[in-house]
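Novice: My questions all concern the structure below.
The values are calculated or read from the model by the stated rules, or taken from the named source; none is laboratory data. Given the structure is predicted, the values throughout are model-derived calculations rather than measurements. Cβ coordinates were reconstructed from backbone atoms using ideal geometry, including for glycine residues, and neighbour counts include every protein chain displayed.
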Amino acid sequence: MSKSLCKFRRTEIVGQIQQIQSMVEAPKYVCKSCARVANRASFLCKPMEMDLKAQSSETVSDVQKKALKAQKKRNKKLKKLLKEQKKLLKKQDKLVEKIERSKYSLSSKVH
Ligand SMILES: [Zn+2]
């Protein structure tokens with residue numbers, strides 16, 4: 001059916017991207033010669049079964065906790081950014097008002 005992932009030419013990849021995606025989805029094998037991954041040994045030139053247990057020494061809840069923490073941090077940052085943005089907007093409003101006023105006074109001077 002399909003040739004191994006390792007044999008794809010750079011120029012072929014875009015055209016075969018759908019197939020490639022299905023080949024690398026939930027990978028179980030890693031290629032010993034070029035470090036590609038695939039869910040079937042036949043997709044690789046030197047396949048080796050991945051040791052998935054060694055890969056994730058952390059428990060799921062640990063990972064989730066970390067993700068939550070990171071998200072909270074991001075939210076804080078976002079809130080800060082929003083505050084700063086509001087401040088800047090206020091400043092901008094004031095500036096615009098000033099400019100409008102000076103324009104008005106200028107034009108009134110001309111007339
Ligand atoms: Zn390979």
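Novice: Mind listing just one residue for me: the one in region 28-46 that is of a type in the set (Gly, Ala, Ser) and under 11 Å from Cys6 (Cα atoms) and, of those, surrounded by the fewest Cβ atoms within 10 Å (Cβ to Cβ)?
Specialist: Checked region 28-46; the qualifying residue surrounded by the fewest Cβ atoms within 10 Å (Cβ to Cβ) is Ala35.
Novice: Restricting to region 15-34, give me the number of residues that are in a loop (DSSP other than H, G, I, E, B) and within 22 Å of the chain's Cα centre (by Cα).
Specialist: Summing the residues that are in a loop (DSSP other than H, G, I, E, B) and within 22 Å of the chain's Cα centre (by Cα) in region 15-34 gives 3.
Novice: Here's another thing I want to ask about it. Here is a list of conditions, (1) in contact with a strand residue (DSSP E or B) (Cβ under 6 Å, 6 or more places away or on another chain); (2) away from the ligand (no atom under 15 Å from the Cβ), and Lys46 meets all of them except one; can you say which number that is?
Specialist: (2)
Each row is one residue, and each column tells you yes or no for (1) surrounded by 11 or more Cβ atoms within 10 Å (Cβ to Cβ); (2) of a type in the set (Asp, Glu); (3) outside any helix (DSSP H, G or I); (4) modelled with pLDDT under 95.
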{"position": "Glu12", "(1), (2), (3), (4)": "yes, yes, no, yes"}
{"position": "Met48", "(1), (2), (3), (4)": "yes, no, yes, no"}
{"position": "Lys53", "(1), (2), (3), (4)": "no, no, no, yes"}
{"position": "Ser57", "(1), (2), (3), (4)": "no, no, yes, yes"}
{"position": "Ser61", "(1), (2), (3), (4)": "no, no, no, yes"}
{"position": "Lys66", "(1), (2), (3), (4)": "yes, no, no, yes"}
{"position": "Val96", "(1), (2), (3), (4)": "no, no, no, yes"}
{"position": "Ser102", "(1), (2), (3), (4)": "no, no, no, yes"}
{"position": "Leu106", "(1), (2), (3), (4)": "no, no, no, yes"}
